[in-house]
Every structure is written in C-alpha cells, then in structure tokens.
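Report on one structure; see the data block that follows.
Bear in mind that the values in this text are calculations on the coordinates, not laboratory data. A quick note: this is a predicted structure, and the numbers were derived from the prediction, not measured. Cβ atoms come from the backbone with ideal geometry, glycine included; neighbour counts cover every protein chain shown.
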Amino acid sequence: MNKILFHDTTLRDGEQTPGIAFSLSDKIKITNILYQIGLDIIEVGFPAASENEKNNIKKISKLFKKKNTILCAFSRAKESDIEIAYESLKEAKKSRIQVVAPSSNIHLKYSINTTKKQLIKNLRQSICKARGFFEDIQFTAQDAPRAEKKFLKELIDVAIDSGATTISLPDTTGFCSFEEYSMLISEIKDYIKKFKKVFISAHCHNDLGLATANTIAAINSGARQVECTINGLGERAGNAPLEEVLAILDLKYKNLLKKNIRLKKLAEANVLLEKITGIKIHNNKPVFGKNVFTHASGMHQKAVIENKNSFEILKAEKFGLSGGKISIGKLSGKAGIKKILNDLKVSLSGKQIESLTKEVKKYSLREKELSNSKLKQIIKKIK
Ligand SMILES: [Mn+2]
C-alpha cells in the first residue's frame, strides 16, 4: 500500500495568514518541529519574495545538509524565481521546487494578467530551467477546480513533459464540495496514468469548512500527497490542519500512514505556533481545541471517568495531549466532583460531597466554569 506523503506549508501558506511574519529564529524553530514530526516535505517559503526571505531559506537549508527531509521552495513560472530558489536551497541534502501558475481564467486575468499562450510558454521554460537544478519538481495549478478542464490538462501536459513529477491541484479558494474535489482528483489521476511516476497532490482551503474533508476525499480518490499547515494556518479561512488530517489517517486509514510519523510531537507544534503567531485556536477546534478532551455534562463525566473511550474517539495521549478532563460547572454531577476532589487530594464525607455538589451548581450559575481555586474556596466554606 502506498503511504501518503505529507507536505507541510506552515512556513509558506501559513505565513500568508493576515498578521503573521516569521523571523529567521521562528522559521528555524518551526522547521525543526516539523522535522521531528517526521513529515516528508517542508515548504520553507518563497525565496524570490525578498532578499531577506532568500537568505533565511539559505540558512535553513544549511541545517538540512545531512537530513533526508525534502525542503521545498515556492516559485512562480519565471526563470529568475527558479534561479533564486536554487541559490537558496542548494545546501540542503534533498530539495524540491514548486512552480506555481494560475490555471483558471479569473486568476490568469487578475492574478498575473497574462494570456494562456504566454503562460504555457513561461511554464515550459521555467520547468525546463528547473530541471537543470532540481531532480524533484512539483507543478501547482493554482485555482485548479475553477479552471477550464482543457486548459488545465494542457498545463499538466506541459509540466510533465518538461520534468514535473508531482502535480498539485490546489483548491486555492476553498470553493469545492468534496464530491467536486474527488471528481477533479479522479479525472486528473486517470488523465496522467500513462506517466508511471507522477503523483497528485491535494491542497485545500477552509472557506467552506471543508479543507480537511476535501483532503481526505482527495486521498480516497488517488492523491498521493497532501499539503497541510499546523493549526490550519493559511490564507483567509486557512489550510487543511495537519493535526486533523493525521488524526483521521491514524484513526481510519492507518495503513496509509508512514510509521515514522511522531504524532506525539503535534502538541508541541501547536503550542509553538500559537506562541509565535499569537493566534490561539478556537476552544472547539478538533484535536488541539481546549474543550476537545474536556467534559461538562455530569452523565458524560461519569462515563469518561470509568472509560475515556465512552466519549473520546481520539486518544489524547497519542498527540501529546491529556484526555478525560472534567469541567466543573452547572451540569457537573457527583462523579465529576469526586474526581476533581481526588485530583486536588481533598477528602470529604458523602454528606459533604452532596452539599458541595449543590453549592457548585449554585455558584456556576454566576461563574459558568469553576476554577480549582474557586472550588477550594467553596470546599472551605462547607467544611
Ligand atoms: Mn494555498
């Protein structure tokens, strides 16, 4: 069974989150944690964007002199971008260039204002040029789902003919339903089957809340590579969160997941990215959300205390997190309160626990969720 290749774009698409600019030290820390997770490809940035970006990527490349992780640089279909990408990546042991060109009419006109004929020419020239520098070339057909199929296929033909071996079909605008994205992946997969060693990559945005679902749909339709970011960072509504895609693969499609992936490192990556970006993910966001492994209802609490699997489908510890947490509030019952007392190493009589439960219900009408220190105050009162 072919395992899924993970391409992380936290440092490139993730940096396109409004309000984010990574320093060199941020980039090194992020690259390092992505490397520790064991991802196949780390997209380190867009070296032609500025002298500073180019130099930063160069410094990261030096750190990957002896590492097998592929470092990838973003490039437009411009020969000068390719040269700069080579300059910045040449010290890395393994490198890849990602040549990106718009494929939809609307992006052709408003993103680069060029003709189809000119774009085909630029794409051919730039990938041919890239072949002189890189063994590993990805062509990314920006806004592929909204492109005319005939033109999209023409671009793919030129890209493969010139030397690309990975074809990325990004849903750049987060436009696709999962049926639409599945159909696109299947159709292009079928179209390129004559080329034995060419892979399809999925890159999904979350404008309709479908980035993760579409990424999984793409895998099921034959994509071999997926592009994700930590915490779902990225343009607008963000990209498919790496942690969600990994959690789904681990739970449902384990045979597609490489054995060297260290899920346990994910929690560290979440904390690092929240710290660097100042963007905390929402409490109910899958995997990393503060509430994901916390239980509020008394009935749930009772069940989870006895067996976490009753209400937790993911094993928190696998991701470096802890599960089975109890939130004390209006809905808590005796089981939850006993558990917290146990954690706080406080022992109370059955009668005291009953009055504490009553007090907690009363207090939580005002305070919603009771902190441990508040709980201690109430315990003092009833003792
Ligand atoms: Mn993108």
Revision key, fill the gap. With DSSP loop assignment and no more than 14 other C-beta atoms within 10 Å, the GluC sites (Glu not before Pro) in segment 58-145 are Glu135
Check your understanding: When the chain is treated as a GNM, springs tying every alpha-carbon pair under 10 Å, which of Arg224, Arg366, Arg146 comes out with the largest mean-square fluctuation?
Key -> Arg366
Practice item. Enumerate the amide H contacts of Cys72 below 5 Å, restricted to partners 5 or more residues apart or on another chain; note that Pro and chain-start residues carry no placed amide H. Key: Ile42, Glu43, Val44, Arg96
Check your understanding: Mind listing the phi-derived Karplus ³J(HN,Hα) values for segment 318-324, rounded to whole Hz, using 6.51, -1.76 and 1.60 with θ = phi - 60°, and x for any glycine or proline?
Key -> 4, 9, x, 10, 10, x, x
Review point. Which residue, chosen from Leu89, Tyr253, Leu119, occupies the Cα position most advanced towards the positive end of the dipole of segment 5-277, where the dipole is computed from +1 (Lys, Arg) and -1 (Asp, Glu) charges on Cβ about the Cα centre?
Key: Leu89
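Longest exposed-loop-site-free stretch of the chain, with chymotrypsin sites (Phe, Trp or Tyr not before Pro), DSSP loop and at most 15 other Cβ within 10 Å?
1-194
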Study note, to complete from the structure: The farthest towards the positive end of the charge dipole of the chain, of the residues Leu184, Ile160, Asn105, given +1 on Cβ of Lys and Arg and -1 on Cβ of Asp and Glu, is Leu184
Practice item. Between Val226, Val158, Val44, find the one with the highest GNM mean-square fluctuation for the chain; connect C-alpha pairs within less than 10 Å. Key: Val158
Review point. Alpha carbon centre of segment 46-92 versus segment 167-197: separation in Å?
Key: 27 Å
Check your understanding: What percent does the relative contact order of segment 83-236 come to when contacts are Cα pairs within less than 8 Å and at least six residues apart?
Key -> 19 percent
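Over the chain, what is the mean sequence separation of C-alpha contacts under 8 Å (at least six apart), divided by residue count, expressed as relative contact order in percent?
14 percent
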**Study point:** Per-residue ³J(HN,Hα) for segment 37-42, Karplus 6.51 cos²θ - 1.76 cosθ + 1.60, θ = phi - 60°, Hz, x for Gly and Pro
**Key:** 5, x, 6, 7, 10, 10
Practice item. Report relative contact order for segment 162-254 in percent, whole number only (criteria: Cα-Cα under 8 Å, sequence separation at least 6). Key: 28 percent
Check your understanding: Considering only Thr31, Ile313, Leu344, whose Cα is most displaced toward the positive end of the charge dipole of the chain, charges sitting on Cβ of Lys, Arg (+1) and Asp, Glu (-1)?
Key -> Leu344
**Study point:** Helix axis angle, 116-131 relative to the chain longest principal axis, alpha carbon, degrees
**Key:** 80 degrees
Study note, to complete from the structure: Calc'd 3J(HN,Hα), segment 55-60, phi into Karplus 6.51 cos²θ - 1.76 cosθ + 1.60 (θ = phi - 60°), Hz, glycine/Pro = x, comes to 5, 5, 5, 4, 5, 5
Study note, to complete from the structure: Per GNM of the chain with C-alpha springs under 10 angstrom, the most fluctuating residue out of Lys189, Lys117, Lys259 is Lys117
Practice item. Please work out the C-alpha center-to-center distance from segment 308-323 to segment 333-371 and express it in whole Å. Key: 24 Å
Practice item. Please list, in chain and number order, the residues 5+ apart from Gln142 or on another chain whose amide H is under 5 Å from its amide H, with Hs placed from the backbone. Key: Ala101, Ser103
Review point. So who's got an amide H within less than 5 Å of the one on Leu5, skipping anything under 5 residues away but keeping other chains? H placed 1.01 Å off N, in plane.
Key: Gln225, Val226
